[in-house]
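Asks: Provided herewith is a single structure, encoded as structure tokens, for subsequent inquiry.
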Amino acid sequence: MAQHNDTGKQGEDAAMQYLQENGYQILETNYRHQHAEIDLIVQKNKLLVFVEVKTRSNLSFGEPETFVTFTKANLVMRAADHYIYARDWHHDIRFDVVAVSITPRGEVKVRHIEDAFC
């Protein structure tokens, strides 16, 4: 597996662990609809959260969350619409970003940004 794939997988694992430790239930990982993918779909009580995970091991070009583009956000929202309709969800939703930074020494730092886009 390529280095960037390993980094991404490590970030998603860290994000899942963080969310579970904070009371979220993981419903889906890497949910796909057409050309869109949602990294994580989680639930806390009656709140459904669509999560984009961004992981970086080098912050020279910016924080991980700055790499969530307008186009990516639109794709996530389109896939979320499909998920909501398919599951007949009638409660609140939210779109979050979990930014994961991995230091050169291997330390993992997780930041949860709620309501990152809508």
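Computed from the coordinates by the stated procedures, all read-outs in this text should not be read as laboratory data. Since we're looking at a predicted model, the values are computed, not measured. Virtual Cβ from ideal backbone geometry, glycine too; neighbours counted across all protein chains shown.
Asks: Distances over 19 Å make up what percent of all Cα-Cα pairs in the stretch 59-118?
Replies: Beyond 19 Å sits 43 percent of the P(r) for the stretch 59-118.
Asks: Just in the stretch 8-74: which chymotrypsin sites (Phe, Trp or Tyr not before Pro) are loop by DSSP and have at most 14 other Cβ atoms within 10 Å?
Replies: Filter output for the stretch 8-74: Phe61.
Asks: With a cap of 12 neighbouring Cβ atoms within 10 Å, and only residues DSSP puts in a loop, list the trypsin sites (Lys or Arg not before Pro) found in the stretch 1-66.
Replies: Lys46
Asks: Hey, another quick one. So what's the back-of-envelope 222 nm ellipticity for the chain, counting only DSSP H runs of four-plus at -39500 (n - 2.57) apiece and dividing by all residues, rounded to 500?
Replies: -10500 deg cm²/dmol, from helical runs alone.
Asks: Could you give log10 I(q)/I(0) at q = 0.16, 0.20 Å⁻¹ for the chain, computed by the Debye formula over C-alpha point scatterers of equal weight, without solvent?
Replies: Computed log10 I(q)/I(0) values: -0.73, -1.11.
Asks: What spacing in nm lies between the two simple spin-label points modelled at Glu37 and Asn58, each 7 Å away from Cα in the Cβ direction?
Replies: Placing both labels 7 Å beyond Cα along the Cβ direction yields 2.2 nm.
Asks: Cross-link candidates for Lys54: which lysines have Cα within less than 24 Å, leaving aside residues fewer than 8 places away along the same chain?
Replies: Hits, sequence-local ones excluded: Lys9, Lys44, Lys72, Lys109.
Asks: Something else: Stretch Glu21-Lys109 to full length: gain in nm at 0.36 nm per residue minus the Cα-Cα span?
Replies: Stretched out fully, the Glu21 to Lys109 stretch lengthens by 30.2 nm.
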